[in-house]
1. Relative contact order (percent) for chain A, with alpha-carbon contacts under 8 angstrom and 6 or more residues of separation?
2. Residue by residue through segment A:135-147, what is 3J(HN,Hα) from phi via Karplus (6.51 cos²θ - 1.76 cosθ + 1.60, θ = phi - 60°)? Round to whole Hz and write x for glycine and proline.
3. With respect to the cross-link table entries A:LYS79/A:LYS124; A:LYS168/A:LYS206; A:LYS168/A:LYS207; A:LYS55/A:LYS246; B:LYS65/B:LYS129; A:LYS297/B:LYS165, which display a Cα-Cα separation exceeding 22 Å?
4. Using the Cα centre as the reference, give the magnitude of the dipole from point charges on the C-beta atoms of segment A:388-452 (Lys, Arg: +1; Asp, Glu: -1; all else neutral), rounded to the nearest 20 debye.
5. How high is the relative contact order of segment A:224-356, in percent, counting Cα pairs under 8 Å that sit 6 or more residues apart?
6. Expressed as a whole number of Å, what is the distance separating the alpha-carbon centroids of segment A:369-385 and segment A:221-287?
7. Using packing as a proxy for protection, rank A:281-292, A:349-360 so that the peptide with the highest average count of other Cβ atoms within 10 Å comes first.
8. Using the Cα centre of segment A:197-356 as the reference point, and only Cβ charges (+1 on K/R, -1 on D/E), how large is the resulting charge dipole? Debye, rounded to the nearest 20.
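Just so it is clear, none of the values below were taken in a lab; they were calculated from the coordinates. If you're wondering where the values come from, they're calculated on a predicted model, not measured in any experiment. Every residue, glycine as well, gets a Cβ built from its backbone with ideal geometry; the counts of neighbours run over all protein chains shown.
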Amino acid sequence: METVRPAISSLRVVALLIAIGTAPAFAADSEEIARGKYIATASDCEACHTQPGGKPLAGGLPLTSPLGLIYSTNITPSKQYGIGSYSLEQFSNALRRGIRRDGAHLYPAMPYASYARLTDDDIKALYAYFMQQVQPVDAPAARQTSLPFPYSMRFSMAFWNALFLDSKPFAPDPSQSAEWNRGKYLVDGAAHCGECHTPRGFFMQKKPSEEYGGAVIGSWYAPNITPDANSGIGALSADELFRYLKYGRVAGKAQAGGEMALAVQLSFSRLSDEDLRAIVSYLRSVPALTDPHAKSKFAQGQPFTDVASFRGVGGMSYDRSLPGGSAQLFAANCATCHSIAAQGSRDTYFPSLFHNSALAAGGGRNVIAAILFGISRSTTDGLAFMPGFGGKTTDIADLSDEQVAQLTNFLVQHYGDTRYSVTPSLVRQVRDGQTPAPALMTLVTVGEWAVGALLLALVIWFIARHSSRTFARGQSS
Amino acid sequence: MSQERPLNEAASTEQGRPASLLSRRELLSASMLAVSGAAIVGTSILRVAQAADVAAAVTPSGPDKFMLASSRLIQHRLSLGVGSRMEAILRREIPSFDADLDAIIRIADEKRATVVEEFFDALPDGQVKDTAHRIIFGWYAGVVDDSQTAEVLAYEEALMYQPTKDAIALPTYSFNGPDNWTEVDPPLSAMPEF
């Protein structure tokens, strides 16, 4: 079982202060380093740059992107393999412009478009923390990124940056409260919420007009987090949102899974209560984005069981035929914890499945992902755990794509949004962590084929011409 | 839910009787949830929907008639799904099934009974009473007899588990999350409603 990771405690800070205070030759003061560490937590560097069970910030974690796997890099202060020889300016360029020390461009999988909002002061504090407190790991990241052509041309990111990168650091809006400004700074900047929650356009840039409107990211769907009452988070109180960020759930209504579970565990749960309240305060003020067809995602479904139709029917068998169909899949795999009519456990540890936003938003994608991968989220609230049913070695069951699709359809039909239905091919997509291919990629593929076809035509034409000439010459001689 | 439904037993025995047989029939057929004078408060949307099904039948037959007879014999919320399964089995096993159901309903209505104790002794000994016993047994046990080959038709919804459902988790089902030892035992004074 995972240990509960405590939020940044005053004890730790004190220990840090003592440690720094007794060390002689540090350039930055301990307060700055502690602040840098806090910003690193808020920025959730660890989520991507630390492999589970690996050395902190040593990189090598694969990140799925529509264009292929991108591996995170070693960002410890190792001079040879990490960022140890970066100057403050180079560090700042990497974080806020996406440009490495050697001048090469980073892919925007590194959320530099969000980190561009970080203030000079915070960049300086981060630099102090990384250089003076992070332990150098003198080894290359386990794997390196190598995307296929044409995405391997890193310089193309310069054009992307010219088009889409807003490089102005955050400037507070004096007409708003200090809390709101702090919230905006964290949401748009360090916490980089928009990287997942804002849909992307043709060039995979975040669409400003749909900021925080919800998007598919890998296996999961990052929902609409604007204050719309039905599609967004408008129906949740400020206190509920605060608890969601701190503990990863609002009992019976929403729970963090996938990347969000990680973000809560590694980042939000370790932020100060004031900062969490600031984030909530700002999010509740952004322009609401509405799906006109959406029904409230916290009020769908009701207790339901069809167990009477199959209880005791067909006897015990080891084959996979189930007389009760999808209702029996539910009873056999889900009901032990979520109870037979899906009302969850009394202490709400196992959430009810009706009135639950996971089943009423995002087209069933998160239901599939939760079934396949389970949930594991550790906060001061304890460990929230659901096993996976996708057939991995640590999973509790091995449901096929067809079974997961059947089960998901049963769940969303009875407990979620009845508009949704899913197919086994979507289950396969989620299993493989595929985001639907962006239009750009289709175009590039078509382009590659077109160029290929053109070359082939040229070759055929050349051979045909050549051989007809040879033939003609043979005739004449 | 019907507003005429008596809220407690005292109310039903002293003043809760409907004025005529007709209105009583309407009341019963409109809501199979509302026959009991026992302290059944609360509702289930599922069962309201089932009650609506019963109301739709002018002269109940098949499972609907079985549910009507069951509601005379048992003053708890009954699942139409379980009832349909049990009806099919008993109909196969009891030749006089339809006549027995008619007798149970007729005698209960003649007695204007609101709880089973008010008419059960009036059922003729023999076939009718045996059928009534088997129906009650089936709803509580989830099987219609105690033979080794009896078909299980209810487990989660079998009534025998309901009186203790606030204190004893049905085996294989969880009450709470893992490692929860802090829950206080529920008071014994109030039986769960079901």
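1. 14 percent
2. 6, x, 10, 8, 8, x, 4, 3, 9, 10, 6, 9, 7
3. The answer is A:LYS55/A:LYS246; A:LYS297/B:LYS165.
4. Result for segment A:388-452 is approximately 100 debye, rounded to the nearest 20.
5. 28 percent
6. Using only Cα atoms, the two centres lie 16 Å from each other.
7. Highest to lowest by the protection proxy: A:349-360, A:281-292.
8. Its charge dipole is roughly 100 debye.
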